[in-house]
Amino acid sequence: MQPRGIVGKDAITQIVASLEVAKGSSSAEEAVTNMTNWLAAMNRSDTIQKYEKAGINYKASIQDYVAKGFSQYEASLMIANRFIDGKGKAFAEQWQKAGAKGDKETQQKLFESFGMAEVFTDIQTVQHLVSMRHDWGKVSI
């Protein structure tokens, strides 16, 4: 997390909190892999371009959240959540129904059918986001 400006106690706190939440729907090894992929993708130029194509100024949003005291990692998750929430009630209802059953395949299909695959193209990053969204309230960063 150091290259992203998250160091010391803050880095440890975020890693532990995120992995505890993320491993709820996968093994600890999968949680680590998924989070690692999220961290690698969150500030890549292709990620920024994908958000821009979807109408989101990712860089400005990151800066705004960071200015409010959030880390870049938290900000990236919040931007993704905001993007998903913007897909509306139909998506949210189907998403929650599939999530309640642990049906990640249906959730992946929903990502594609609602145009989110344009931004989220790596299955591990999607799985990290799915886990974090499912248990967002448990993150105590």
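Worth a mention:
- Residue within segment 114-133 that is closer than 22 Å to Ala31 by Cα, surrounded by 13 or more Cβ atoms within 10 Å (Cβ to Cβ) and of a type in the set (Lys, Arg) present: yes
- Conditions (1) crowded, with 17+ Cβ neighbours inside 10 Å; (2) out of contact with any Leu (no Cβ under 7 Å at 6 or more places or on another chain); (3) hydrophobic (A, V, I, L, M, F, W, C); number of the one not met by Ala92: (1)
- Residue among Ser61, Ser113 that is among the small types (Gly, Ala, Ser) and touching a helix residue (DSSP H, G or I) at 6+ places or on another chain (Cβ under 7 Å): Ser61
Yes/no per residue for (1) at pLDDT 80 or above; (2) farther than 17 Å from Glu74 by Cα; (3) of a type in the set (Lys, Arg); (4) assigned to a helix (DSSP H, G or I):
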| position | (1), (2), (3), (4) |
| --- | --- |
| Ala11 | no, no, no, yes |
| Ile15 | no, no, no, yes |
| Ser18 | no, no, no, yes |
| Ala22 | no, no, no, yes |
| Ala31 | no, no, no, yes |
| Ala40 | yes, no, no, yes |
| Asn43 | yes, no, no, no |
| Thr47 | yes, no, no, yes |
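- Unmet criterion (only one of (1) surrounded by 12 or more Cβ atoms within 10 Å (Cβ to Cβ); (2) out of contact with any helix residue (DSSP H, G or I) (no Cβ under 7 Å at 6 or more places or on another chain)) for Thr47: (2)
- Condition check for Met78: within 23 Å of Thr36 (Cα to Cα), among the aliphatic types (A, V, I, L, M) and surrounded by 18 or more Cβ atoms within 10 Å (Cβ to Cβ): no
- Meets criteria (within 22 Å of Met35 (Cα to Cα) and modelled with pLDDT under 80) for Val119: no
- In segment 65-103, the residues that are more than 16 Å from Val126 (Cα to Cα), assigned to a helix (DSSP H, G or I), out of contact with any helix residue (DSSP H, G or I) (no Cβ under 8 Å at 6 or more places or on another chain) and not charged (D, E, K, R): Ala67, Ala90, Ala100
The values are calculated or read from the model by the stated rules, or taken from the named source; none is laboratory data. Here the structure is a predicted model, which means the values were calculated and not measured. Virtual Cβ from ideal backbone geometry, glycine too; neighbours counted across all protein chains shown.
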